[in-house]
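Here the structure is laid out as structure tokens; the discussion comes afterwards.
Derivation of every value follows stated rules applied to the coordinates shown; laboratory data play no part. Here the structure is a predicted model, which is why all the values come from computation and not from measurement. Note: ideal-geometry Cβ built from the backbone for every residue, glycine included; neighbour counts use all protein chains shown.
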């Protein structure tokens, strides 16, 4: 096999591997990374939240909007906590005591470290498929 034919064969093999692994990245790896990031934001926000009865901290949860969106929520229907927004942003009578935004800012700085193991694993699989 001449060099051009070998290059074409390698390119096709790499393109096929990338196509297969791109699907895995969007179906599995990305959602898993988003889950880990959202969970870290929730954990940090709970640590940051001011405590009187503990109900605000207990009301925190991660809501999966779709495959690529997560929402960290506090309070709301069924939680018995209707003051999370008032704590975060303040009211006319009370100064803000942000707990969610600082958590998000802190975790955003950690995002490369959080996602690196998953991306590394994905790349290793890509290389393995491409070289087989």
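Brief remarks on what is shown
- Taking a ≥ b ≥ c as the square roots of the eigenvalues of the Cα gyration tensor, an a/c ratio of 1.5 or more together with a/b larger than b/c marks segment 90-132 as prolate.
- The ranking of 46, 116 by Cβ neighbour count inside 10 Å, starting from the fewest, reads 116, 46.
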